[in-house]
Amino acid sequence: MNKKIDNLAADNIRALAISMVEKAKSGHPGGAMGGADFMHILYTEYLNFDPTEMNWPFRDRFFMDAGHLSALMYSQYHLLGNYSKEDLQNFRQWGSVTPGHPEVDVLRGIENTSGPLGQGHAMGIGAAIAAKFLDARFNGLFNHKVYGFITDGGVQEEISQGAGRIAGHLGLNNFIMFYDSNDVQLSSMTDEVTSEDTAKKYEAWGWKVITIDGHDHQQIREALNAANAETEKPTLIIGKTIMGKGCVTADGGMYEGECELHGKPIGETKADFVKTLINLNANPEQPFEIYDEVRHYYGNILVEKKAKAAIVKSAIATWRKENPVLSQKLDLFLSGKLPELDLSAVVQKSNAATRDASSAVLAYLAEHVENIIVSSADLSNSDKTDGFLKKSSVLQKNNFNGAFLQAGVAELTMTAIANGIALHGGVIPVVATFFVFSDYMKPAIRLAAIQELPVKYVLTHDSFRVGEDGPTHQPIEQEAQMRLLEKVKNHSGHQSLLALRPADAIETSVAWDMAIKNTTTPTALILSRQGIKDIPATGASRYEDAIQAKKGGYLVKSTPDADITLIANGSEVSTLLDAATILETENGLKINVASIISEGLFKAQSKLYQESVIPKDKLVIGLTAGLPVNLEGLIGDTGKIIGLEHFGYSAPATVLDEKFGFNAKNVSKEIIQYLIDNKVNCYKLIN
């Protein structure tokens, strides 16, 4: 312990952070200045990691909630050698590794992408759940800590309610969060928007709460010691800090704790940038330099971190020798690979709802894949994830031998937690709710897409056929919203999400095979409440036919030289097959029918394949129980989409089918009328 070095290091972090923001003419300096003391103490004295292997699976993890404090993180990691001076100088610039909000970059120490407040600490809680889950299966190997950093905005975001409740309920004593409480927000002081007692709130959720002076290094140590010793609860350390700690005016007067220091360069406030650098013991001529004493100190810290990690690695190596079978299982979990699976062996009931078909697959996965956590937002008996639960048990405080997380009614929190589980590694997260409630999940789904996380979403009750529950529960625009992410490329250049709406029970098995093997992006399985008529097999078996869904779309009915190709996904495919029978027997038309389970995946195929399914020069008509835009990208310049352009109503599903025209008889009539109105040649030939 060296007070001089500790103070110099914290000031060095402050100086680097404000220099980054000043050079970029953009960013958030004040909070970075306030959080520097905690970061320095945490990283030098408590956070366990191997500087030579930043992705070491057994490391402690740090999850930033306040992504706008990226300059704080980059400055801290610059002292540790993970970012160069040039990286800091290119803060927020094109092509830099120091974006305005941190993006997951584990080899540099960034565990999560953050920015939308509240989600970062929820991801940290997910990582803590993953660690508990793995620790229960590998005899104490995963006893590391997960640290979080949150600010007033993150505490205020509604997601903190669900995250705090779940962490306390599960007794996540491996999660320790620092709350940088500085009484300042971006556009106001905190007392203008809240008067709640944050400490009591977290205590009510079952957290240990410690309030300290966030600039007093000894108090920080004592709080972290107590948090690390806690065996029953997550810990919230409320650090009372000062926004813009160390800022001074041109005449040398202190200028701290002001709202304007939050979100713009110091030089654009009443504080003086150069005088502030001098007050922080920095050289204004070289604002991006590491102080000599600090450089030497951190060099020794890196040696100590490596040596401490080596001791743990040696103990793990001994454990591996003593537990060869478990060691192999550990490698499989950490690799992200799967054991051999045969989903064609899953027995599916005839004409089943695809949610029930999904349940059968989940039951199979529960018995064949040991590192899955399935979560449901208080709907396991309706979204049919109870197929998995019946083969497992619920995660509980002090008992993580199960694999089912009852999240309660907290869709956004549940989905953000799943992101954290995926970020931790070693565990496959699955979350489920009604499709209409994907509206609540969307912010976390978007972050999963950005971070390229293989989270699986089970989204049931996929259309107006939810029926009597009425328009609030009947998804109309949700499929269009989900499929937009199929059109957005991630930073690896791939479609950022895979959305699958299977046409029958067997296609659901294939869809699950696609989902579980998709390790690079999130996957949404969009499933029906009502039973769906089985698609007839055209080849050796229905499963062999449905395997073609792995190309995003295929013909479920093929007729040589067809006049019209009818396209749909989900339950509408069977409706089109029945309509095709009417059109062929009553109107003499030749019809193809295609199941397009994923437009994004289908359009990734060769043009030759796409045109073998949807001919370029023939009429194409689509049917969708949602907005017509769902199929617009597949229809081409001519053709028609029969869809729904209004909200649903409360009535039995069969009544809604009749009222909305979603039956084979009405669809065939609409198609014939379209041919007549547009004087389409194929109809003229047979009329």
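In whole angstrom, segment 616-687 maps to an equivalent ellipsoid with semi-axes of 25, 16, 8, each derived as √(5λ) from the alpha carbon gyration tensor and ordered largest first. Taken over the alpha carbons of segment 109-166 as equal point scatterers, the Debye sum produces base-10 log I(q)/I(0) values at 0.26 Å⁻¹ of -1.03. Label-to-label distance for Asn381 and Lys329 is 3.2 nm, based on points extended 7 Å past Cα in the beta-carbon direction. Listed peptides 213-224, 312-323, 125-136 appear in the order 125-136, 213-224, 312-323 once ranked by packing, highest mean of other Cβ atoms within 10 Å at the front. Among beta bridges identified by DSSP and lying wholly in the chain, the antiparallel ones come to about 15 percent.
Principal axis extents of the Cα atoms in segment 373-440, from largest to smallest and rounded to whole angstrom, are 32, 27, 19.
Would you work out what percent of the accessible area of segment 95-180, with all protein chains in place, is carbon or sulfur (probe 1.4 Å)? Let's see the in-between values first.
Numbers: 990 of 2100 Å².
Whole-percent figure for carbon plus sulfur exposure: 47.
Checking every one of the GluC sites (Glu not before Pro) in segment 597-687 against DSSP loop status and a limit of 12 other Cβ atoms within 10 Å picks out Glu645. Per residue of the chain, the DSSP helices (runs of n ≥ 4 H) give a summed -39500 (n - 2.57) that works out to -13000 deg cm²/dmol at 222 nm. Looking at this model, which pairs from Lys487/Lys640; Lys233/Lys397; Lys132/Lys200; Lys337/Lys390; Lys349/Lys533; Lys85/Lys305 are more than 18 angstrom apart at the alpha-carbon? Going by Cα-Cα distance, Lys487/Lys640; Lys132/Lys200; Lys337/Lys390; Lys85/Lys305 fall outside the 18 Å limit.
Taking the convex hull of the alpha carbon positions in segment 473-595 and averaging its projected area over all directions gives 9.0 nm². Based on Cα atoms of segment 232-274, Rg over Rh with Rh as the Kirkwood radius reads 1.22.
Taking amide H positions as modeled 1.01 Å from N, with prolines and chain starts lacking one, the residues under 5 Å from Val209 and 5 or more places away or on another chain are Leu236.
In vacuo Debye scattering of segment 1-66, one point per C-alpha: log10 I(q)/I(0) at q = 0.17, 0.19, 0.29 Å⁻¹? Each listed q maps to, in turn, -0.74, -0.87, -1.15. For segment 415-542, the Stokes-Einstein estimate of translational diffusion at 10 °C and a viscosity of 1.306 mPa s comes to 104 µm²/s, using the Kirkwood hydrodynamic radius over alpha-carbon pairs. Above 28 angstrom, tally the Cα pairs of segment 85-239 and express them as a % of all pairs, no decimals. Percentage above 28 Å: 25. Note: segment 69-115, Cα convex hull, 63 Å³ per residue.
Could you tally the net charge around Ile372, taking each other residue with its Cβ under 13 Å from the Cβ of Ile372, Lys/Arg +1 and Asp/Glu -1? Counting the neighbours of Ile372, the net charge comes to +1.
Which percent of the accessible heavy-atom area of segment 634-687 goes to carbon and sulfur, probe 1.4 angstrom? Don't jump to the answer; show the numbers that get you there.
Numbers: 1680 of 3390 Å².
C and S atoms contribute 50 percent here.
Translational diffusion coefficient of segment 1-138 (Stokes-Einstein, Kirkwood radius from Cα pairs, 10 °C, 1.306 mPa s): 103 µm²/s.
For segment 277-421, the C-alpha radius of gyration divided by 2.2 N^0.38 Å, with N the number of residues, is 1.67.
From most to least packed by mean Cβ count within 10 Å, the peptides 513-519, 162-168 give 162-168, 513-519.
For the chain, the solvent-accessible area with a 1.4 angstrom probe is 38 square angstrom per residue. Multiplying the residue separation of His646 and Ala317 by 0.36 nm and removing their Cα-Cα distance gives an extension gain of 112.3 nm. Along its first, second and third principal axes, ordered by size, the chain spans 93, 59, 46 Å in Cα coordinates. Summarised in one figure, the compactness ratio Rg/Rh of segment 156-244, Cα atoms and Kirkwood Rh, is 0.98.
The values are calculated or read from the model by the stated rules, or taken from the named source; none is laboratory data. Not measured: the values here are computed from a predicted model. Quick reminder, even Gly has a Cβ in these numbers, built from the backbone with ideal geometry, and neighbours come from all protein chains shown. Protein only, heavy atoms only, side chains kept; ligands, DNA and RNA dropped before computing areas. Shrake-Rupley method; radii C 1.70, N 1.55, O 1.52, S 1.80 Å.
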